[in-house]
Amino acid sequence: MKLIHLFTIILLFATSSLSAQDSLTQRYNPNDHGLHLVEFTDKQGTPFSVFRPHEFLSAAALARRERMSVVIDELDLPVNPAYIQQVLAMGVGLQNTSKWLNAIAIQTKDVTLLAKIDQLPFVQSVKPLGKVRPVSEIENLRTPPKVDLSKHKESYYGEGLNQVRMLGGDALHDLGYTGEGVVVAVFDGGFVNVPTMPVFDRLQEENRLLGTKDFVEGDSYVFEASGHGTNVLSCMAAKSPYFLVGTAPDASYYLFKTEDVKGEFRTEEMNWVAALEYADSIGVEVVNSSLGYTGFNDTTMSYKYEELDGKTAYITRGAEIGSQKGILVVNSAGNEGSGSWHYIGAPADAPSVLSIAAVRGDGKRASFSSWGPTIDGRIKPDIAAQGLSTVVSSMTKYKVTRTSGTSFSSPVMAGMVASLKQAFPDTDADHLRAMIKQSGTQSTEPDSSLGYGIPNYFVAYLLLSEATVVVDHTNSIFTTFQTVDKSLNIVLEQKQLSDVSITLYNRLGQVQYELQTLLQPNQVKEFKIPDLEMLSPDVYTLKLVVDGTAHYLPIWKE
């Protein structure tokens, strides 16, 4: 009897242990994932302070916040290092940290250990993220070949002219706004061959490739895994005249690898948020992300349409915070327009992210472009650019090629955002986004297909300018102001070589300003009458003479 009783106790204990282990496995759902998100309850006891931001934000980041009037708050404080150390001391590896989500991504498959971490008083939750990926070997770079440009003499932009001109990009570039001085970060799955490709020679020769970082494998080598990022980068940064010129050919760039091309896992969202936080800390102003997430290899992690509410997905939450910190985040809407999902993905659902739809070369909607609205009824996508047969650099043949997807309409747009940002460095991100939308072809009737339509960045420039008079190639004249204060911009465009005369008179007919010049054909040129604050408030007369055709315009000086 005693033996039977002892056996019964042992059997019950074993059953209880198995049940507990099953419960833990079910709760933390490791499924050989290895990566988990540990969310903390607070940042109490942190050694960092919002009064000493130079300890965790670069001078460039602080300068951007000052220009944008962005307040430094608790979200900017790094994760409490004491919390991180206590978790790591339990025997797990660290993959990434996020100050905005107040969380870390850890590596372990030990469900018992995960349960212990979950019981720490400063831990809010532990959730699975996905699989750990080993670091791959670094590839050797090849010597770049010479490129024959003789077949690409039709346009300065080469075969990429249409996708630039569709957005009024050539006109904005003619004014000298090509992204110079603006810092752009590109998030993608890899940038194979970038160091060896002629379209990026200027980028490297002029030291505008500022840095790289791999958030997937934890090193700084990103010229591997995928050529998707290479194609994406060429839409913006290419600068080979008459071969391929992008929409921000003079901007400076960081390249960040956040996407694991071997599968879809929520850990990629964490990579993306960590990359955006890093971009914020070093002063990045524009981000292009040709990425989006809805379904994952582990379908229990996949999002439902009801969760695309602008505040649920990790990546969406991070994108919205980054946008509020003054970064212009540009993201592809997705390619599910004809698929079973149909809708945009995350982080395209974030309210302040510019979500980009795709159109054909003729401006009509591309059938694959994902639809909105968000579950809470907001207009998405926001705007559209060419995403069908977009011209990009070829990775292997050192020629241009055509490819399709909102992955490419997004960088075409992001480059124009950077070029516009150059023109208005002190204008906050919200106002820039608003004026870009207002310049769209559907600005008065936005819909859930193309949002506000195809923007015109020359028009957006005029909308953002203090006071502008425009005379186009038809000699039509229009203005963007009612009164002037400090300066007056005059923008001219003519098909042929033209003589131009600009004169400003007071009410007595006395000349206050005068300029005579020659305007080159098919070139948008801007002239500025400065120092108007020196003039007395009154009515003045602006006389514009273009190739003998005179225009008279009353100017009300405040």
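The values are calculated or read from the model by the stated rules, or taken from the named source; none is laboratory data. Remember, predicted model here, so these are calculated numbers, not experimental data. Glycine also receives a Cβ, built like all others from the backbone with ideal geometry; neighbour counts cover every protein chain displayed.
Filtering Ser443, Ser410 for residues that are modelled with pLDDT under 95 and within 21 Å of Ile344 (Cα to Cα) leaves a single hit, Ser443. Residues in region 335-356 that are within 23 Å of Glu277 (Cα to Cα) and surrounded by 24 or more Cβ atoms within 10 Å (Cβ to Cβ): Gly345, Ala346, Pro347, Ala348, Asp349, Ala350, Val353, Leu354, Ser355, Ile356.
Among the helices (runs of 4 or more DSSP H) confined to region 374-472, the ones with at least 3 residues that are in contact (Cβ under 8 Å) with a residue 12 or more places away in the chain and of a type in the set (Ser, Thr, Tyr) are located at 406-423.
Modelled with pLDDT of 95 or more, part of a helix (DSSP H, G or I), not hydroxyl-bearing (Ser, Thr, Tyr) and not assigned by TED's automatic domain parsing to the domain that holds Leu94: which single residue out of Leu210, Leu203 fits that description? I'd like the intermediate steps shown before the answer.
On the way: Leu210 fails: part of a helix (DSSP H, G or I).
That would be Leu203, the only listed residue that is modelled with pLDDT of 95 or more, part of a helix (DSSP H, G or I), not hydroxyl-bearing (Ser, Thr, Tyr) and not assigned by TED's automatic domain parsing to the domain that holds Leu94.
Quick check: anything in region 164-172 assigned to a loop (DSSP other than H, G, I, E, B) and of a type outside the set (A, V, I, L, M, F, W, C)? Among the residues of region 164-172, at least one is assigned to a loop (DSSP other than H, G, I, E, B) and of a type outside the set (A, V, I, L, M, F, W, C), which makes the answer yes.
The condition (being assigned by TED's automatic domain parsing to the domain that holds Asp201 and either surrounded by fewer than 22 Cβ atoms within 10 Å (Cβ to Cβ) or touching a helix residue (DSSP H, G or I) at 6+ places or on another chain (Cβ under 8 Å) (or both)) is satisfied by just one residue among Thr258, Thr316, Thr267: Thr258.
In region 85-110, the residue that is surrounded by the most Cβ atoms within 10 Å (Cβ to Cβ) out of those that are assigned to a helix (DSSP H, G or I) and aliphatic (A, V, I, L, M) is Val87.
For Thr479, the conditions (1) modelled with pLDDT of 85 or more; (2) out of contact with any Pro (no Cβ under 7 Å at 6 or more places or on another chain); (3) under 26 Å from His173 (Cβ atoms) are fulfilled apart from (1).
Among the residues of region 481-493, is any over 37 Å from the mean Cα position of the chain (by Cα) and of a type in the set (D, E, K, R)? For region 481-493, residues over 37 Å from the mean Cα position of the chain (by Cα) and of a type in the set (D, E, K, R): absent. In region 54-65, which residues are over 13 Å from Glu285 (Cα atoms) and part of a helix (DSSP H, G or I)? Hits for region 54-65 are His54, Glu55, Ala59.
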